[in-house]
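Only one structure is covered here, and it is reproduced in the block below.
Just so it is clear, none of the values below were taken in a lab; they were calculated from the coordinates. Model, not experiment: these values are computed from the prediction. Please note: Cβ atoms are built from the backbone with ideal geometry, for glycine as well, and neighbour counts cover all protein chains shown.
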Amino acid sequence: MSKNFERVNMDFLAGRRLRRSRQYGWSRDMVRETIVQPSDLIWPLFIIEGENERQAVKSMPGVDRLSIDLAVQAAKEALALGIPALALFPNTPADARSEDGSESYNPDNLMCRALSTIKSAVPEIGLIADVALDPYTTHGHDGLLDGERILNDESVEILVKQSLNQVRAGADIIAPSDMMDGRIGAIREALDAEGHQNTLLLSYAAKYASAFYGPFREAVGSGSRLKGDKKTYQLEPYNREEAMREVEQDILEAADWIMVKPGMPYLDIVREIKTRFEIPVFAYQVSGEYAQIEFAAQAGAIDRQAAMVESLIAFKRAGCSGILTYFAKDMAELLNS
Ligand code: PBG
């Protein structure tokens with residue numbers, strides 16, 4: 001108890017009842033501090049070759065990889081539900097993957113075709129393009145490999161080429177998730193030099209080397225290929241200050257928005273970035289977080305819908321401007337119903 005409270009008389013203290021606000025549905029609504037709406041949600045889509053193709057991702061119940069034509073349908077659904085943006089991830093065919101990931105800057109790659117087709121069919125929806133080499137390399141790393149070392153500057157050169165192609169194809173937001181040093185500045189410079197001053201940069205500045213990415217790696221087909229781990233570029237879960245330095249660096253390099261990834265185990269990071277830097281912060285509720293809720297619900301341990309809603313509220317309460325989540329469509333449907 002603070003000094004002030006020691007001095008007030010006990011009658012006054014007895015009158016304090018915090019449950020008074022919570023006694024009716026309407027009074028709880030009046031003091032609600034957080035709102036989740038469809039415009040807070042970013043819907044990730046996994047893209048495959050083919051037509052009218054839909055493949056289930058086993059480790060992510062309810063999530064399918066989609067051919068481009070079906071992704072266009074999904075974009076229309078998203079628009080109707082009030083979801084502002086999609087994040088696209090390609091599952092590159094095996095024969096297009098290589099040691100140097102050169103397919104990443106092929107202007108006719110799966111990702112670029114998906115971007116341009118969706119952009120012309122549904123121009124009102126925001127398109128977020130992931131920048132990293134893992135869906136294109138035979139070793140599943142986000143950068144170029146020299147023996148066991150991930151090369152930084154050489155990787156950045158390729159990431160710049162990849163970004164330019166994605167913007168030319170129709171991406172509105174470039175989202176580098178590779179964690180190489182200096183890529184935000186290099187990409188910004190290259191985009192500006194080509195007249196793309198308005199393209200947003202959403203930097204995965206605080207991306208951790210996490211066990212929660214497993215199902216995603218199955219979805220894009222990089223998991224079984226991955227040699228070793230990503231600890232020389234992604235952050236260790238132990239560190240918070242290091243994440244702040246990454247964020248500061250990317251802001252100095254002109255990042256518009258910051259992404260924290262994974263999401264729920266890292267809400268302290270979201271909160272701290274928000275207070276320190278006053279910049280829009282997003283979080284990625286990653287594949288393993290999604291799988292946790294889905295499989296726990298399947299086992300009858302938790303209520304799926306209630307857990308989904310609660311998890312998304314937690315992101316907004318922590319300070320997120322929005323959440324990249326595999327629940328985007330279900331949550332938007334629920335909010336619209
Ligand atoms: C890497 C990348 C990862 C995810 C998206 N892009 C993780 C990784 O393999 O390091 C994970 C997203 C998820 O788990 O949902 N560029």
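Quick notes
- Subset tally (residues that are without any contact (Cβ under 8 Å) to a residue 40 or more places away in the chain and among the hydrophobic types (A, V, I, L, M, F, W, C)) for the stretch 191-210: 3
- Within the stretch 126-145, the set of residues being of a type outside the set (Val, Ile, Thr), outside any loop (DSSP other than H, G, I, E, B) and either in contact with a helix residue (DSSP H, G or I) (Cβ under 8 Å, 6 or more places away or on another chain) or within 21 Å of VAL167 (Cα to Cα) (or both) comprises GLY126, LEU127, ALA129, ASP130, LEU144.
- In the stretch 279-325, the residue that is surrounded by the fewest Cβ atoms within 10 Å (Cβ to Cβ) out of those that are polar (S, T, N, Q) and within 16 Å of the ligand (Cβ to nearest atom) is GLN292.
- In the set (1) within 19 Å of the chain's Cα centre (by Cα); (2) under 26 Å from SER224 (Cα atoms), VAL36 fails one condition alone, (2).
- Count of the stretch 217-271 residues which are away from the ligand (no atom under 16 Å from the Cβ), basic (Lys, Arg) and assigned to a loop (DSSP other than H, G, I, E, B): 1
- When residues of the stretch 143-171 are limited to those that are farther than 24 Å from ILE68 by Cβ, within 15 Å of the ligand (Cβ to nearest atom) and not β-branched (Val, Ile, Thr), the one farthest from the chain's Cα centre (by Cα): LEU145
- From ALA56, ALA85, residue being out of contact with any Lys or Arg (no Cβ under 7 Å at 6 or more places or on another chain) and more than 19 Å from GLY223 (Cβ to Cβ): ALA85
- Given (1) buried (at least 16 other Cβ atoms within 10 Å of the Cβ); (2) within 16 Å of the chain's Cα centre (by Cα), index of the condition ILE251 fails: (2)
- The residues of the stretch 78-113 that are within 16 Å of the ligand (Cβ to nearest atom), part of a helix (DSSP H, G or I) and touching a residue at least 40 places away in the same chain (Cβ under 8 Å), listed by number, are SER104, TYR105, LEU110, MET111.
- Within the option set GLU289, GLU294, GLU310, GLU333, being over 15 Å from the mean Cα position of the chain (by Cα), of a type in the set (D, E, K, R) and within 26 Å of ALA129 (Cβ to Cβ) holds for one residue only, GLU333.
- Residue count for the stretch 220-247, restricted to those that are closer than 26 Å to ALA94 by Cα and touching a Pro at 6+ places or on another chain (Cβ under 9 Å): 4.
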